[in-house]
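The values are calculated or read from the model by the stated rules, or taken from the named source; none is laboratory data. These numbers were taken from a predicted model, which means no experiment stands behind them. No Cβ is skipped: glycine too gets one built from the backbone with ideal geometry, and neighbour counts run over all protein chains shown. What goes into the accessible areas is simple: the full protein's heavy atoms, side chains included, and nothing from ligands, DNA or RNA. Shrake-Rupley method; radii C 1.70, N 1.55, O 1.52, S 1.80 Å.
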Amino acid sequence: MEDFDTVKKNLEDRGYAVRVFSTGAEAAAYLDGVIDGRTVGFGGSLTLEQMGLYDALGRHNTVVWHWKQEAGPARREAMQTDIYLTSANGLAETGEILNIDGIGNRVAATLFGHEKVYFVIGRNKVAPTYEEALWRARNIASPQNARRLGKKTPCAVKGDRCYDCKSPERICRGLVTLWGPMMGMETEVLLVDEDLGL
């Protein structure tokens with residue numbers, strides 16, 4: 001099992017609630033048990049899709065996800081939900097959580113407006129330092145996401161790194177680094193000992 005001790009302690013020192021799971025299935029079962037009868041927004045996340053959370057939570061919650069519903073209205077509606085679920089593009093063992101976004105709904109939702117935010121983060125997202133987590137977000141997650149979305153950007157074509165391009169289809173428009181949970185909004189991090197998402 002991945003040694004999450006350091007990152008768990010550093011996240012807790014920063015004020016996050018943290019839980020560790022061996023598998024995505026275990027993390028999904030936990031969320032399915034603790035989220036009930038609520039409105040739940042999803043950020044764009046292959047991690048959440050791989051875990052089957054939309055269908056599971058949808059059986060006893062009102063779930064809003066722009067991947068499953070009309071995108072524009074769903075993005076706005078998800079900003080008003082009780083609970084918000086997402087992942088991260090990078091997590092430093094020192095405790096910083098990084099996300100890069102093109103439209104901004106996902107990063108905005110982690111900053112304000114919900115009772116609680118859950119980050120579900122697989123072991124592949126963890127890097128030793130902030131600089132390495134930022135490098136991962138820019139040069140691994142973002143090019144793979146651009147390629148997955150069929151964008152006409154240098155990183156999507158070559159799939160190897162960020163070119164800091166000026167393409168109109170660039171999906172890297174903003175970077176948010178969380179040094180701790182935002183005030184007035186409970187935030188829980190679920191660390192999963194599986195590779196999840198990009």
* Asked: If you go through segment 93-104 one residue at a time, do you hit one that is surrounded by fewer than 21 Cβ atoms within 10 Å (Cβ to Cβ), touching a strand residue (DSSP E or B) at 6+ places or on another chain (Cβ under 6 Å) and within 20 Å of Leu190 (Cα to Cα)?
  -> no
* **Residue count for segment 106-122, restricted to those that are under 15 Å from Thr177 (Cα atoms) and open to solvent by 20 Å² or more (accessible area, probe 1.4 Å)** => 4
* Asked: Quick one: is Gly44 within 21 Å of Val107 (Cα to Cα), in a helix (DSSP H, G or I) and either open to solvent by less than 60 Å² (accessible area, probe 1.4 Å) or out of contact with any strand residue (DSSP E or B) (no Cβ under 8 Å at 6 or more places or on another chain) (or both)?
  -> no
* **Close pairs (8 angstrom Cβ cut-off, 6 or more residues apart or separate chains): open to solvent by 60 Å² or more (accessible area, probe 1.4 Å) in segment 62-88, assigned to a loop (DSSP other than H, G, I, E, B) and of a type in the set (D, E, K, R) anywhere** => Thr62/Arg38
* **So Leu191, is it in contact with a strand residue (DSSP E or B) (Cβ under 7 Å, 6 or more places away or on another chain) and either outside any loop (DSSP other than H, G, I, E, B) or within 22 Å of Ala108 (Cβ to Cβ) (or both)** => yes
* Which condition does Asp32 not pass, out of (1) part of a loop (DSSP other than H, G, I, E, B); (2) over 22 Å from Phe112 (Cβ atoms); (3) not aromatic (Phe, Trp, Tyr), if it passes all the others? -> (1)
* Asked: Across segment 140-183, what is the total count of residues that are under 17 Å from Tyr130 (Cα atoms), of a type in the set (A, V, I, L, M) and either open to solvent by less than 70 Å² (accessible area, probe 1.4 Å) or part of a helix (DSSP H, G or I) (or both)?
  -> 4
* Asked: Pairs under 9 Å by beta carbon, first residue more than 11 Å from Leu190 (Cα to Cα) and open to solvent by 30 Å² or more (accessible area, probe 1.4 Å) in segment 18-35, partner basic (Lys, Arg) and modelled with pLDDT of 95 or more, six or more apart or different chains?
  -> Asp32/Arg59
